[in-house]
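S.K.: Handing you a structure now.
Nothing in this text is a laboratory measurement; each read-out follows from the coordinates by a stated rule. These numbers come from a predicted model, not from an experiment. Don't worry about glycine lacking a Cβ; one is built from the backbone with ideal geometry, like all the others, and counts go over all protein chains shown.
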Amino acid sequence: MHQRAAKRYTIGRVFLAGDAAHLNNPIGGMGMNGGLHDALSLAAKLVAVHRGEADAGILDRYEPERRPVAIEYINASTANNKKLMEERDPEARRRAQEDLCRTAENPETAKAFLMKSSMILALRAAAAAGKGATT
């Protein structure tokens, strides 16, 4: 499994997003979700600049908001998903399945799981890092 992120997401007026910015194993759709979040973040900033609602300096927030998400969240989640799928020990697989069932049975833990797996929590963390500039 190869996973990597570009050293820079922006150079001048060129911006990288999605697979151009970060590659990872496709298990779990984290790359796709990450790419959509990249596009949302960048589009919101470009629209704000175009409409005169923000200075072009807001574009400088894109890389520090999105690159850490790819490195810390997408890569970790993808590696964990791959590990779970490749588990050969039947007992460990059973425990993982039971944990997931317990998570799904409780509305609070189910919501927390969905917020994390859909990357909504990562999007909020990126927005907080950029002082709310993601959306």
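S.K.: Expressed as a fraction of 2.2 N^0.38 Å, the rule-of-thumb size for a compact globular protein of N residues, what is the C-alpha radius of gyration of the chain?
M.R.: Numbers: Rg = 17.1 Å, N = 135, 2.2 N^0.38 = 14.2 Å.
Rounded to two decimals, the normalised Rg is 1.21.
S.K.: Return the tail of the calculated pair distribution for region 20-97, meaning the percent of Cα-Cα pairs more than 15 Å apart. Don't skip to the end; give the middle numbers.
M.R.: On the way: 1889 of 3003 pairs.
Result: 63 percent of Cα pairs exceed 15 Å.
S.K.: What ranking of Ile71, Ile11 emerges when the number of other C-beta atoms within 10 Å of each C-beta is taken as an exposure proxy, fewest first?
M.R.: Numbers: Ile71 14, Ile11 10.
Ascending Cβ contact count within 10 Å gives the list Ile11, Ile71.
S.K.: List, largest first, the extents of the alpha carbons of region 1-52 along their principal axes, each in whole Å.
M.R.: 43, 21, 9
S.K.: Per DSSP H run of at least 4 residues, take -39500 (n - 2.57); add these up for the chain, divide by its residues and hand me the 222 nm value, nearest 500 deg cm²/dmol. Kindly include the intermediate steps, with their values, before the conclusion.
M.R.: Details: 6 runs with 77 residues, N = 135.
It lands at -18000 deg cm²/dmol.
S.K.: Just name one of Thr78, Pro90, Ile58: the one whose Cα is farthest towards the positive end of the charge dipole of region 51-102 (beta-carbon charges, Lys/Arg +1, Asp/Glu -1).
M.R.: The one lying farthest along the dipole's positive direction is Pro90.
S.K.: For each of Ser77, Ser117, count neighbouring Cβ atoms within 10 Å of the residue's Cβ, then give the residues from fewest to most. Please report the intermediate quantities before stating the final value.
M.R.: Values: Ser77 21, Ser117 15.
Neighbour counts put them in this order, fewest first: Ser117, Ser77.
S.K.: Each residue of region 59-75 in turn: what ³J(HN,Hα) in whole Hz from Karplus with 6.51, -1.76, 1.60 and θ = phi - 60°, glycine and Pro shown as x?
M.R.: Here the 3J(HN,Hα) series is 5, 5, 7, 4, 4, x, 7, 8, 4, x, 4, 5, 6, 8, 9, 4, 4 Hz.
S.K.: Also, I was wondering about something else. If you place +1 on the Cβ of every Lys and Arg, -1 on the Cβ of every Asp and Glu, and leave all else neutral, what size is the dipole of region 4-129 about its Cα centre, to the nearest 20 Debye? Write out the running numbers ahead of the final one.
M.R.: Details: 19 positive and 16 negative charges, 49 e Å.
The dipole magnitude comes to about 240 debye.
S.K.: Exposure proxy check: Phe113, Phe15 ranked by fewest other beta carbons within 10 Å? Could you put the intermediate results ahead of the total?
M.R.: Values: Phe113 14, Phe15 21.
Fewest-to-most ranking of Phe113, Phe15: Phe113, Phe15.
S.K.: Remind me, relative contact order of region 4-129 in percent, using alpha carbon pairs under 8 angstrom and six or more residues apart? Don't jump to the answer; show the numbers that get you there.
M.R.: Details: 91 pairs, mean separation 32.2, N = 126.
Relative contact order, region 4-129: 26 percent.
S.K.: Testing the spin-label approximation: label points 7 Å from Cα along Cα→Cβ at Ser117 and Ile11. State their distance in nm.
M.R.: Computed distance between label sites Ser117 and Ile11 equals 3.8 nm.
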